[in-house]
Amino acid sequence: MARRTGRRPGNPDTREAILAAAREAFAERGFDAASIRGIATSAGVDPALVHHYFGTKEQLFRACMDFPIDPATVLPQVLEGGMDGIGERVVRMFLSVWDSPAGAAGVALLRSALSNEWTARLLREFVTTQMLRYVLPKLGGEPDEARLRASLVASQMAGLAMVRYVLKLEPLASAPPEVVISAVAPTLQRYIAGKIS
């Protein structure tokens, strides 16, 4: 019998215990206040085991959310071209994720957040710490105005997700991506870089 090589598989019960403790910690205390040590203590494991299974706190948080994208990968691509055309790049990236098989996880997460305050808190914390914290400094201007702009963009994208993917309201639900991009991108462009008051 051939001997297996590589890392030994972990105990799925341990992994799930860590995820359960992390979800509770992130929902109750938020991303910044939750600690790997506290999560490990709640799960009854050593902090090194949390790092072994999940790596960094950010990676653990993303695993808790089961979010269909890694913001650290896609946001730099969206912001790369500067403010010109950013509305179009945001909508194009959004549709490419939500129209892909990964979009099913986004729909499940959105449905859950609508009916469960605990999931809504986790999603809010994810958007705030994993997305907005990265994007806000790039928007420039006063911090309060940048937060307003970011929340306006979030409202537009959440509305698009609800109508196109959850409610499946026609004709938006089956509209070709280019139609959606040309309709929504100008609004996002104004929210991000135009006059908002």
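The values are calculated or read from the model by the stated rules, or taken from the named source; none is laboratory data. The structure presented is a predicted model; accordingly, all values stated were derived computationally and were not measured. Note: ideal-geometry Cβ built from the backbone for every residue, glycine included; neighbour counts use all protein chains shown. For accessibility, only protein heavy atoms count, side chains too; no ligands or nucleic acids. Shrake-Rupley method; radii C 1.70, N 1.55, O 1.52, S 1.80 Å.
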- Sorted by accessible area with a 1.4 angstrom probe, largest first, how do Ile69, Ile86 fall? Ile69, Ile86
- Can you pull the accessible area of Trp118 for me, 1.4 Å probe, Å² to the nearest 10? 90
- Note on the structure: Taking Arg121, Arg111 and ranking on accessible area (1.4 Å, protein atoms only), highest first, one gets Arg111, Arg121
- Task: Over every pair of different alpha-carbon atoms in region 11-78, take the mean of 1/r and invert it; report that Kirkwood radius in Å.
- Result: 12.2
- Task: Just read off the accessible area of Val91 with the full protein assembly in place, 1.4 Å probe, to the nearest 10 Å².
- Result: 0
- Item | Relative contact order [Cα under 8 Å, 6+ residues apart], region 147-197, whole percent | 45
- Can you run the Rg to Rh ratio on region 136-197? Use alpha carbon positions and the Kirkwood inverse-distance Rh. 1.06
- Query: Projected onto the charge dipole of the chain (+1 at Lys/Arg Cβ, -1 at Asp/Glu Cβ, origin at the Cα centre), which of Thr41, Gly106, Val135 gives the Cα projection farthest towards the positive end?
  - Reply: Thr41
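Nearest 0.05, what FRET efficiency do Ala173 and Asp70 give at R0 = 45 Å with Cβ-Cβ as r? Show your work: numbers first, answer last.
Working: r = 26 Å, r/R0 = 0.59.
Approximately 0.95, to the nearest 0.05.
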- Which lysines have a Cα less than 29 Å from the Cα of Lys57, not counting those fewer than 8 places away in the same chain? Lys138
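Restricting to DSSP H runs of at least four residues, report the calculated mean residue ellipticity at 222 nm for the chain, -39500 (n - 2.57) per run over all residues, nearest 500 deg cm²/dmol. Don't skip to the answer; put the middle values down first.
Working: 11 runs with 135 residues, N = 197.
When only DSSP H runs of four or more count, the value is -21500 deg cm²/dmol.
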- Note on the structure: For Lys195, counting only aspartates and glutamates whose alpha-carbon sits under 19 Å away and dropping same-chain residues fewer than eight positions off, the answer is Asp84, Glu88, Glu142, Asp144, Glu145
- Query: Counting alpha carbon pairs within less than 8 Å and at least 6 residues apart, what relative contact order, in whole percent, applies to region 1-143?
  - Reply: 25
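Relative contact order of region 17-87, please, whole-number percent, based on alpha carbon pairs below 8 angstrom and at least 6 residues apart.
Details: 44 pairs, mean separation 20.4, N = 71.
It comes to 29 percent, rounded to a whole number.
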- Note on the structure: Put Phe94, Phe26 in order of accessible area, largest first, probe 1.4 Å, and you get Phe94, Phe26
- Message: Can you tell me which of Pro137, Pro71, Pro171 moves the most in a GNM of the chain? Springs connect C-alpha atoms under 10 Å apart.
- Response: Pro171
- Task: Mind putting a number on the dipole of the chain about its Cα centre? Charges go on the C-beta only, +1 for Lys and Arg and -1 for Asp and Glu, and I need it in Debye to the nearest 20.
- Result: 420
